[in-house]
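Here is the structure we will look at.
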Amino acid sequence: MNFRERLEPRYRAILENYLTKSTEIALYQGHRFSRQAIEQQISPEEIINVHRSALKDLLPDLPKEVLASFDFLLEVMMDYGLAYQEHQSLRDKQFEMKSEIEVAAGLQDTLLETQIPQTEAVDIGAISVPAKQMNGDYYRFVQDQQLISIAIADVIGKGIPAALCMSMIKYTMDSFPELRKRPHQVLENLNRVVESNVDTSMFITMLYGVYDQNQHTFTYSSAGHEPGFYYDFSKNELSEFHANGLVLGVDPNMNYRQFEKKVECGDMIVLLSDGVTESRTEDGFIERSVITDMILSYKDRPAQEMVEKIYRELEKMQKYEIRDDFTLIILKRKF
């Protein structure tokens with residue numbers, strides 16, 4: 001005899017034991033029965049119906065109003081049971097999706113992993129923190145004896161679609177190693193790939209540059225990316241680091257301008273995503289002057305320490321709730 005066939009007599013025995021003795025053991029039997037009923041997918045309304053039948057047998061003189069109340073409860077629980085089952089089904093699907101996203105996030109970390117260069121000429125620090133599990137920001141370093149290539153990008157959008165775009169960008173860049181020294185051509189090639197393969201509702205901003213460790217120049221192009229900052233050591237001044245250019249994926253025939261900046265000893269290049277400059281509190285967006293003050297206050301620290309301290313301060317100002325993907329890169333020419 002299976003559980004369902006023994007359901008009514010077994011429940012009646014447990015209920016009778018509890019009504020006559022009211023012991024902890026009797027109550028434990030009820031809890032155990034409940035867990036077994038759930039495992040056997042016995043619905044709440046079935047339990048109520050069994051309880052009503054058992055109560056009627058055990059207490060035949062029970063007022064009819066009490067029995068009628070169980071009829072009413074049974075009707076209520078039929079709708080409740082359906083809603084509960086739907087809720088459980090949605091929870092199961094949500095858990096499954098969460099697990100898949102965790103796997104995808106781990107795979108993204110592996111695919112987009114990049115090492116921060118360690119050189120005698122430049123001190124480099126980088127931090128990238130996703131607002132959700134999947135990161136819509138992307139940064140990458142490629143280093144040889146003379147050149148350090150630096151890419152920072154931001155997909156206008158979040159979640160899995162943005163993460164997939166970042167992976168596509170990474171592998172497209174790896175397909176054009178011969179163009180590393182010509183940032184404007186790197187962006188033009190990427191732009192054609194994005195325009196052909198990415199949904200028209202999604203756009204990508206990007207800044208790509210090459211730091212020459214022998215000449216100490218930074219050659220770069222931008223595709224609508226957030227302006228960074230440049231610190232001039234001789235003047236102790238921090239100014240915006242501008243570069244014009246249309247976002248990737250709009251015009252396949254777009255030509256990007258290339259710029260070059262001479263980097264002197266002690267000078268500093270700050271690259272970032274809009275998750276840094278558009279940090280906001282309950283009172284509104286944090287002013288850019290607040291960010292520049294932070295940069296200046298930590299300018300004498302190692303680059304990696306700088307980016308981490310700035311992130312911690314902005315995170316604290318936002319009550320530890322980052323609303324957008326946050327990426328910050330700092331390059332400091334050593335003395």
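Measure out, as a whole number of angstrom, how far apart the alpha-carbon centroids of region 303-326 and region 256-283 sit. Result: 15 Å between the Cα centres. For Leu296 and Arg323, the FRET efficiency from 1/(1 + (r/R0)^6), where r spans their Cβ atoms and R0 equals 22 Å, is about 0.30.
Evaluating 6.51 cos²θ - 1.76 cosθ + 1.60 at θ = phi - 60° for every residue in region 10-25, the Karplus couplings come out as 5, 5, 4, 5, 5, 5, 4, 4, 6, 5, 8, 10, 6, 9, 5, 5 Hz, glycine and proline recorded as x.
Considering Cα pairs under 8 angstrom that are at least six residues apart, work out the relative contact order of the chain and quote it in whole percent.
On the way: 526 pairs, mean separation 55.6, N = 335.
Rounded, it is 17 percent for the chain.
For region 10-135, calculate the relative contact order in percent as a whole number, restricting contacts to Cα pairs under 8 Å that are 6 or more residues apart. Don't jump to the answer; show the numbers that get you there.
Numbers: 47 pairs, mean separation 24.7, N = 126.
Worked out over region 10-135, it gives 20 percent.
Under the rule of -39500 (n - 2.57) per DSSP H run of 4 or more residues, summed and divided by the residues of the chain, what mean residue ellipticity at 222 nm is obtained, to the nearest 500 deg cm²/dmol? Numbers along the way, then the final one.
Working: 9 runs with 154 residues, N = 335.
Calculated at 222 nm, the ellipticity per residue is -15500 deg cm²/dmol.
Across region 51-61, rounded Karplus estimates of 3J(HN,Hα) from the backbone phi angles (6.51 cos²θ - 1.76 cosθ + 1.60, θ = phi - 60°) give 5, 4, 5, 5, 5, 5, 6, 6, 10, x, 8 Hz, Gly and Pro being marked x.
Given [x] 24.5; [y] 21.7; [z] 20.4, which label gives Kirkwood radius over Cα pairs in Å as computed from the coordinates? Step by step, Kirkwood radius over Cα pairs in Å for this structure corresponds to label [x].
Using the Cα gyration tensor of region 1-74, with a ≥ b ≥ c the square roots of its eigenvalues, what is the shape: rounded (a/c below 1.5), prolate (a/b larger than b/c) or oblate (neither)?
On the way: a/c = 1.87, a/b = 1.22, b/c = 1.54.
Oblate, since a/c reaches 1.5 and b/c is not below a/b.
GNM remark for the chain: springs join alpha carbons under 10 Å apart, and the peak mean-square fluctuation among Leu248, Leu74, Leu207 falls on Leu74.
Using 0.36 nm per residue, how much length does the chain from Arg4 to Glu237 gain when fully extended, once their Cα-Cα distance is taken away? That works out to 76.0 nm of additional length.
What FRET efficiency do you get for Arg32 and Glu102 if R0 is 22 Å and r is their Cβ-Cβ distance, rounded to the nearest 0.05?
The value I calculate is 0.05.
Mind checking which of Ser221, Ser201, Ser69 has the largest fluctuation in a GNM of the chain, springs on alpha carbons under 10 Å? In this elastic network of the chain, the residue with the biggest mean-square fluctuation among Ser221, Ser201, Ser69 is Ser69. 3J(HN,Hα) along region 138-152: 8, 9, 8, 10, 10, 10, 10, 5, 10, 10, 10, 8, 10, 10, 9 Hz, from the Karplus curve 6.51 cos²θ - 1.76 cosθ + 1.60 with θ = phi - 60°, whole Hz, x for Gly and Pro. Taking Ala153, Ala26, Ala121 as the candidate residues, the one with maximal mean-square fluctuation in a Gaussian network model of the chain, Cα springs under 10 Å, is Ala26.
Values quoted throughout were computed directly from the atomic coordinates according to the rules given, and no laboratory measurement underlies them. Only a predicted model underlies this, so the values are computations on that prediction, with no experimental measurement involved. Don't worry about glycine lacking a Cβ; one is built from the backbone with ideal geometry, like all the others, and counts go over all protein chains shown.
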